[in-house]
Amino acid sequence: MPRQHKKAKLDLGAKQSKSAPDNEAETTPETSPLLQEATETQILTPQNEGLPVQVIFRRLHVSGFKGVPSEAEIRQVFRPFGHIETITLRSNRLAYVQFELLDAAQLAIEQLNSVVAEEGKLAVERPDNALYLEPAIKRMIQESKQWNRIYIASVDPDKTEADLRSVFSACGTIRSCQLIRGSNPENIEGYAFMEYDSDESTCAAIASMNNAIFGKFNLRVGHAITRPSTAIASSSEMPVLFHAALADGAMAATEGRDLSPIEIISQNAVRTKFPELKFWGYDSNVPLVLHNDGHSVKLSVDGEKSNSVPYITGGSLDGRYKFLQLHFHWGCDAEGSEHTVDGAKFAAEMHIVHQNQVFDCLQEAKNHRNGLAVVAVMLKVQETENAILRPVLQGCHLFKGHSKDLPVPSPLELFLPDPETLNCFFTYFGSLTTPPYNEVVTWIILKEPVGISLKQLETFRTLQGVDGQAVLQNCSSCKNLNNQEVFSSF
Ligand SMILES: [Zn+2]
């Protein structure tokens, strides 16, 4: 018998009933359109309201404690499954455990819930109000079977990738193995992703290696449900991406990073019910300043003259994100947007950058995954001029590094498409589109574009750049490095 991973002394009570009193959500029956029924009855509780979906995926709701567990005790139970980001004690007998990886959360549900629940004890589930995401999870699990890829948790820090390979090669031919070591004292165990060349080997590895002793710990092994990074999965895309990264001076490892911009394929987007995306203060006149930073023309609120700054809430965002600036990306032809939707580029793309208000400054926000929210609005060529862009385009005549006030304060909503359409958007987690590509951006890409004339597009290309030359284009190419899950609200 393999030695068990050090067990916590938890006094576990009987498994509580699955439905909390505030839970009105139900999983979607197979027959109904994806998510529809669940979303219509979904009620958000304060604990989860507005949390980005990618966080909800990795969060577990744990109940069934008989006594009052300490954070350390909970950590001991969950740490064999992967790195824990946070543990939140909600009440005496309820806790949220948030893992760094979705694979870890899934493994904990599968193994901890079934194993311990058989004894009538712990209940480990996704939060009640995240049940509307279940179809997306199921689809990921279904899809993941084609990859022959396993997730291995609780790897002894003294063991190497070669050690792992040598043990796991007994189950079949290993295509790739990637060991990630734990670094902080709370997460010293490493974890690994391994890819076999066949389904039989994958299943054999899970069956024989799960709970097997390996060095100081018992391994936990399950199907990896997140998609493999392109570094492992694809041979065709990688060189291109690698060179693009080099050209941008971003030498940092790009493997598995959530980079932006990406190609959005609408039929692959997971339809999700979000809280209403709201634009606060977008209807009031604010004093605006134009600035040429040598890369784009920027519009920001004159902080000295304004006592209120517009902000956004809802959608896939957690909390308030205040308006910082908006700027534009264009290309040397009429295909200058950064994101593409269903393979198509738009003429240009406007980025309305917002900063999470919990952080003191932009610099601080750039160090946190929930630091920024960018609302992207596509610009589509139309015959007539877009009058709203006229004052902005005046900014294209500014020398680089220069600023000027807009003559008349204006409401920011003028830059948005029809208010009726603002709740139709794609959203995903990604990065800044310029080096060093901080992975701190929740992207919200509005479905409805706004217009721009060809002549106006031309004016963008006259902006004076850092080298004194005109900025003919400033759009980055798509990354899709990590195949981030994209969600749609419509
Ligand atoms: Zn931008």
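Just to be sure I understand the model, the point goes 7 Å from the Cα along the line to the Cβ. What's the resulting Glu304 to Leu454 distance in nm?
4.3 nm
If you project the alpha carbons of the stretch 308-389 onto the principal axes, what extent comes out on each, in Å, largest first?
Between the extreme Cα coordinates on each principal axis of the stretch 308-389 lie 42, 29, 23 Å.
With unit charges on the beta carbon (Lys/Arg positive, Asp/Glu negative), name the residue among Phe425, Ile452, Val466 whose Cα is farthest towards the positive pole of the charge dipole of the stretch 381-490.
The residue sitting farthest along the positive end of the dipole is Val466.
Roughly speaking, what is the stretch gain from Leu89 to Gln146, that is 0.36 nm per residue apart minus the C-alpha to C-alpha distance, in nm to one decimal? Numbers along the way, then the final one.
Details: separation 57, 0.36 × 57 = 20.52 nm, distance 3.74 nm.
Result for the pair: 16.8 nm of gain on full extension.
In square nanometres, what is one fourth of the surface area of the convex hull spanned by the alpha carbons of the stretch 257-488?
For the stretch 257-488, the mean projected area of the Cα convex hull comes to 11.9 nm².
What list of ³J(HN,Hα) couplings, whole Hz, do you get for the stretch 178-187 from phi and the Karplus terms 6.51, -1.76, 1.60, once you set θ to phi - 60° and write x for glycine and proline?
With coefficients 6.51, -1.76 and 1.60, one gets 9, 9, 10, 8, x, 10, 8, x, 6, 10 Hz.
Using amide H atoms built 1.01 Å from N in the peptide plane, name the residues 5+ places from Asp293, or on other chains, whose amide H lies under 5 Å from its own.
Lys298, Gly401
Calculate, in nm to one decimal, what Asp197 and Ser477 gain on full extension: separation in residues at 0.36 nm each, minus their alpha carbon distance. Intermediate values should be presented prior to the final figure.
Numbers: separation 280, 0.36 × 280 = 100.80 nm, distance 3.22 nm.
Working it through step by step, the gained length comes to 97.6 nm.
Could you tell me what fraction of 2.2 N^0.38 Å the Cα radius of gyration of the stretch 281-418 comes to, as a two-decimal ratio?
On the way: Rg = 15.3 Å, N = 138, 2.2 N^0.38 = 14.3 Å.
Scaled against compact globular proteins, the figure is 1.07.
If each residue of separation counts as 0.36 nm, what is the full-extension length gain between Ile265 and Asn438 once their alpha-carbon separation is subtracted?
59.9 nm
What number do you get for the stretch 402-483 when its Cα radius of gyration is normalised by 2.2 N^0.38 Å, N = residues? Provide the component values of the computation, followed by the final result.
Numbers: Rg = 16.2 Å, N = 82, 2.2 N^0.38 = 11.7 Å.
This ratio for the stretch 402-483 stands at 1.38.
Averaging sequence separations of C-alpha pairs under 8 Å and six or more residues apart, then dividing by the length of the stretch 257-488, give the relative contact order as a whole percent.
31 percent
What distance in nm separates the simple spin-label points at Ser169 and Glu413, each placed 7 Å from Cα in the Cβ direction?
Placing both labels 7 Å beyond Cα along the Cβ direction yields 6.6 nm.
Rule-based calculations on the coordinates, nothing more; no lab input. This one's a predicted model, so the numbers in the text were calculated from it and none came from an experiment. Glycine also receives a Cβ, built like all others from the backbone with ideal geometry; neighbour counts cover every protein chain displayed.
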